[in-house]
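Here is the structure we will look at.
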C-alpha cells in the first residue's frame, strides 16, 4: 500500500516519500537517554511501509522488541524547495495520526555498531496511517492532542504544543535538503511513553482538537509473521 486518504476527497493520494522527525519531544528524548537535538533529526520510511486503519503490523522474525511511537502526521498538498517558514503551513493538505513502529532491538544494535537503522524503521507495515483531516478544518496544528492505547490501556499522551521544532520550521528546514512534493507525509515526533507491543495486541490512536474531541482515528493489530 502506498496511498492515503484525505477526508472529502474521492481519490486515494499516492505517497511520494515519508520523512520522519526524531526526538521532537523533550521528554521522549529523556526516556531514550538522548541529548536534545539542536536541529531536527530526520530519517525516511518507504511508502511501502504504509498500512491503513484496521490493518495489521507484521513483526519480522528477526526482532523480539517491537515498539510503538504515536505521532501527528502531515500530508503535503504543495511542495517545493527552500520553503519559507511564513508560507510553510500553506503547503499542508491535511493532518492525521500515525504510528512509527520500530524494531528497537535492531535499531539499538545498529546504533552500537555505527550502522544505518533503516531496517528498524522502514520494514513493511511499519507506518500505520489514519485518514487525514483537511488542514482548513484545524484551527491550530500546535494545539492538538495525541493518545495511544494498547488493549484499552493508555500508553502515550501528548500535545503538539510540546514540539521542540514547530511545524513551519520543520517544513522549511526539511525543504532545504529534500525537495518536497504533493503527497509527501511527515511524521512529526512522538511524546514519551514508547514501549513494547507483541502479537495479539490491539493499538488505538486518536488525534483530538483542543476541546479533546477526536478528529481522526487509527486502529491496528499486531501479528507475527507466519
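The values are calculated or read from the model by the stated rules, or taken from the named source; none is laboratory data. Keep in mind it's a predicted model, so treat the numbers as computed, not measured. Cβ coordinates were reconstructed from backbone atoms using ideal geometry, including for glycine residues, and neighbour counts include every protein chain displayed.
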So residue 115 passes all but one of these: (1) without any contact (Cβ under 8 Å) to a residue 24 or more places away in the chain; (2) touching a strand residue (DSSP E or B) at 6+ places or on another chain (Cβ under 8 Å). Which condition number does it fail?
(2)
Criterion (crowded, with 16+ Cβ neighbours inside 10 Å, over 23 Å from residue 131 (Cα atoms) and more than 17 Å from the chain's Cα centre (by Cα)) met by exactly one of 65, 86, 35:
65
Condition broken by residue 21, with the remaining ones in (1) surrounded by 19 or more Cβ atoms within 10 Å (Cβ to Cβ); (2) in contact with a helix residue (DSSP H, G or I) (Cβ under 9 Å, 6 or more places away or on another chain); (3) at pLDDT below 95 satisfied
(3)
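Okay, residues lined up against (1) at pLDDT 95 or above; (2) more than 22 Å from residue 149 (Cβ to Cβ):
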residue: 175; (1), (2): yes, yes
residue: 186; (1), (2): yes, yes
residue: 206; (1), (2): yes, no
residue: 211; (1), (2): no, no
residue: 217; (1), (2): yes, no
Residue check, residue 120 farther than 13 Å from residue 70 by Cα and in a strand (DSSP E or B)
no
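Residues are listed down the side, and each one gets a yes or a no for (1) over 24 Å from residue 23 (Cβ atoms); (2) surrounded by 15 or more Cβ atoms within 10 Å (Cβ to Cβ); (3) over 14 Å from the mean Cα position of the chain (by Cα); (4) at pLDDT 95 or above:
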{"position": "121", "(1), (2), (3), (4)": "no, yes, no, yes"}
{"position": "124", "(1), (2), (3), (4)": "yes, yes, yes, yes"}
{"position": "130", "(1), (2), (3), (4)": "no, yes, no, yes"}
{"position": "155", "(1), (2), (3), (4)": "no, yes, yes, yes"}
{"position": "202", "(1), (2), (3), (4)": "yes, no, yes, yes"}
{"position": "224", "(1), (2), (3), (4)": "yes, no, yes, no"}
Condition check for residue 82: in a loop (DSSP other than H, G, I, E, B) and either closer than 25 Å to residue 173 by Cα or modelled with pLDDT of 95 or more (or both):
yes
For region 1-46, give me the residue count where each residue is farther than 17 Å from residue 75 by Cα and assigned to a loop (DSSP other than H, G, I, E, B).
12
So is residue 63 over 22 Å from residue 195 (Cα atoms) and part of a loop (DSSP other than H, G, I, E, B) or not?
no
Can you pull out every residue in region 210-226 that is touching a residue at least 12 places away in the same chain (Cβ under 8 Å), within 17 Å of residue 63 (Cβ to Cβ) and outside any strand (DSSP E or B)?
225
Taking residue 139 and the conditions (1) touching a residue at least 60 places away in the same chain (Cβ under 8 Å); (2) farther than 20 Å from residue 43 by Cβ; (3) in contact with a helix residue (DSSP H, G or I) (Cβ under 9 Å, 6 or more places away or on another chain); (4) not in a strand (DSSP E or B), which numbered condition does it fall short on, given that it satisfies the others?
(3)
Is there a residue being part of a helix (DSSP H, G or I), crowded, with 19+ Cβ neighbours inside 10 Å and free of Cβ contacts under 8 Å to residues at least 60 places away in the same chain anywhere in region 159-181?
no
Out of the residues in region 1-18 that are at pLDDT 90 or above and loosely packed, with under 13 Cβ neighbours inside 10 Å, state the one that is farthest from residue 56 (Cα to Cα).
8
